[in-house]
Amino acid sequence: MPATVVLGAQWGDEGKGKLVDRIAEQATWVVRFQGGNNAGHTVVLGEQVLKFHLLPSGITRKECNLVLGDGMVIDPWVLDTELNGWKDSTGEDPRGDRLFISERAHVILPYHCILDGQDKKIGTTGRGIGPTYADKINRIGLRFGDLAEVSGDDEWIHSTANRMNASLAAAGCEDRIKEADLKSDVAWILKSYASCIANTGLMLDNALKLDEHVILEGAQGCLLDIDQGTFPYVTSSVTSRGNAGHGAGIHPGHVKDVIGITKAYITRVGHGAMPTELEDEVGDHLGTIGHEFGTTTGRKRRCGWFDAVVMRHAQRVNGFTGLALTKLDVLGGLDELNICVAYELDGKEILEMPASATALARCNPIYITMPGFPGHSLEEWLAIAKKANTEGAGYEALPAAAQLYIKKIEALVGVPCTSVGVGPDRDATIDCVDA
């Protein structure tokens, strides 16, 4: 069975965790292929709200194996906290049983977090992600597969601590790394994760050859991609389809379906231009009804109308085979809905995003207006979704204006909706039968 890729199609926070949790019921493996604990995936199971920063969202499916892939940067202490929380609530410690860490994944150390905390421009999460990826590119990073080699190497400890302290001093930071602490940290990481460090690329390749279903779960979103995003206000890794197989250690021929997750509106956390951003009552409505606060940082998300220019860019880069539209319910109760179809830049209409962040900041949205639809309680939306799936009605179970809105998005992006989310619950998702 081919692999399925699940990607964020906007600036992240689109609802990837909910979708992965849902489709993982039919999967054998769920793999995170890039990023670190700067991502946050939320899964709602009735009254239980689970928030993951490193663990793949498929952890809720006990038959599902979990991989932290080659392309990730991993904070061992954050992962340990998540695993302990999971064990406290379920009694399970999946390390070495169904959770595996790629020997090629890089380790985030306290030094990286200290250095990241010096950022004042980009608006990073301060989790050490960028500095760890920088060490990776500079070929001086520490990988999980190298822990056993360096744990007893005093020369490596000495030279690494000196290098780190020189970088901290150059950044104007007074903190310093002690050799004894670095040595102790390496020993603890190795002891904590030795049972689950593995050649995960080989494991996944074998699984696919055995016709097992593998889900490749992205973090952040396409517009935060280091190459294809709104540089420099981006993350430090390739978040798009091209890195899905590579970051998991398998070839791209294994991938068939690529699901792009997009909200029915748009949000962004941190700095950088967002042409459709709303700083009015509608923006307040989206933020309040949609509970728009970052899973990782708790920062308030900036909200705006759906941006088809952004989505066309995401589609060109990723080649989505289907769209998973989330949070349609949040638009309920608004009299009119706007969709951005183009930008006005310096007096000219443009249909594509400019590469320059400065130019993007000068872009004004050009909208089309569509009728709104009534709002419902979460319980009512959940009932609509369950009825639609039971009867196989797809999104035709929704109000006529909501159907029209979805069809317009499909036409503008050129990709069918495979599902429509109408609430945070796992079951508040309508499967689109004709997708």
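The values are calculated or read from the model by the stated rules, or taken from the named source; none is laboratory data. Since the model is a prediction, treat every value here as computed from it, not as a measurement. Counting neighbours? That spans all protein chains shown, and the Cβs are built from the backbone with ideal geometry, glycine included. Ligands, DNA and RNA are stripped out before the accessible areas are found, and what is left, the full protein with its side chains, is counted by its heavy atoms. Shrake-Rupley method; radii C 1.70, N 1.55, O 1.52, S 1.80 Å.
Please report, ordered by residue number, the strands (runs of 3 or more DSSP E) entirely within the range 292-363 with at least 2 residues that are open to solvent by less than 40 Å² (accessible area, probe 1.4 Å), touching a Cys at 6+ places or on another chain (Cβ under 7 Å) and farther than 18 Å from Lys16 by Cα.
It comes to 336-345.
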Top-ranked residue of the range 11-40 - restricted to ones that are of a type in the set (Phe, Trp, Tyr) and under 22 Å from Ser102 (Cβ atoms), ranked as least open to solvent (accessible area, probe 1.4 Å): Phe33
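Within the range 64-100, take every residue that is of a type in the set (D, E, K, R) and in a loop (DSSP other than H, G, I, E, B) and give me the one that is farthest from Ile140 (Cα to Cα).
Among them, the one singled out is Glu92.
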Flag if Leu216 is in contact (Cβ under 8 Å) with a residue 40 or more places away in the chain and within 21 Å of Gly8 (Cβ to Cβ): yes
Filter result (farther than 27 Å from Leu278 by Cβ, open to solvent by 80 Å² or more (accessible area, probe 1.4 Å) and not hydroxyl-bearing (Ser, Thr, Tyr)) within the range 364-395: Glu379, Lys386, Lys387, Glu391
Long-range neighbours under 7 Å by Cβ, at least six apart or interchain, first residue of a type in the set (Phe, Trp, Tyr) within the range 87-111, second open to solvent by less than 60 Å² (accessible area, probe 1.4 Å) and in a loop (DSSP other than H, G, I, E, B): Phe100/Cys196; Tyr111/Ile177
Some residue of the range 198-208 being part of a helix (DSSP H, G or I), touching a Gly at 6+ places or on another chain (Cβ under 9 Å), crowded, with 21+ Cβ neighbours inside 10 Å and polar (S, T, N, Q): yes
Scan of the range 217-241 for residues that are modelled with pLDDT under 95, under 23 Å from Glu103 (Cα atoms) and open to solvent by 20 Å² or more (accessible area, probe 1.4 Å), ordered by number: Ser236
Selected residue [closer than 30 Å to Val78 by Cα and over 17 Å from the mean Cα position of the chain (by Cα)] from Gly260, Gly272, Gly304: Gly272
Residue within the range 311-324 that is touching a residue at least 24 places away in the same chain (Cβ under 8 Å) and more than 29 Å from Asp257 (Cβ to Cβ) present: no
Failed item in (1) within 25 Å of Asp257 (Cβ to Cβ); (2) in contact (Cβ under 8 Å) with a residue 60 or more places away in the chain; (3) charged (D, E, K, R), with Arg301 passing the rest: (1)
Filtered residues of the range 215-269 (kept if of a type in the set (A, V, I, L, M, F, W, C), assigned to a loop (DSSP other than H, G, I, E, B) and over 25 Å from Gly423 (Cβ atoms)): Ile226, Phe231, Val234, Val238, Ile250
Residues satisfying the stated conditions in the range 246-278, i.e. open to solvent by 50 Å² or more (accessible area, probe 1.4 Å) and in contact with a Gly (Cβ under 9 Å, 6 or more places away or on another chain): His246, His251, Pro252, Gly253, Asp257, His271, Glu277
Per-region count, the range 401-435, residues open to solvent by less than 30 Å² (accessible area, probe 1.4 Å) and either touching a His at 6+ places or on another chain (Cβ under 6 Å) or over 21 Å from Lys387 (Cα atoms) (or both): 3
Per-region count, the range 101-112, residues closer than 8 Å to Phe144 by Cα and part of a loop (DSSP other than H, G, I, E, B): 3
Matching helices (runs of 4 or more DSSP H) fully within the range 123-182 where at least 1 residues are touching a helix residue (DSSP H, G or I) at 6+ places or on another chain (Cβ under 8 Å), small (Gly, Ala, Ser) and open to solvent by 30 Å² or more (accessible area, probe 1.4 Å): 147-150, 154-170
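Per-residue answers, yes or no, for (1) touching a residue at least 24 places away in the same chain (Cβ under 8 Å); (2) in contact with a strand residue (DSSP E or B) (Cβ under 8 Å, 6 or more places away or on another chain):
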residue: Phe144; (1), (2): yes, yes
residue: Val150; (1), (2): yes, no
residue: Ile157; (1), (2): yes, no
residue: Ala169; (1), (2): no, no
residue: Ile177; (1), (2): yes, no
residue: Thr230; (1), (2): yes, no
residue: Thr239; (1), (2): yes, yes
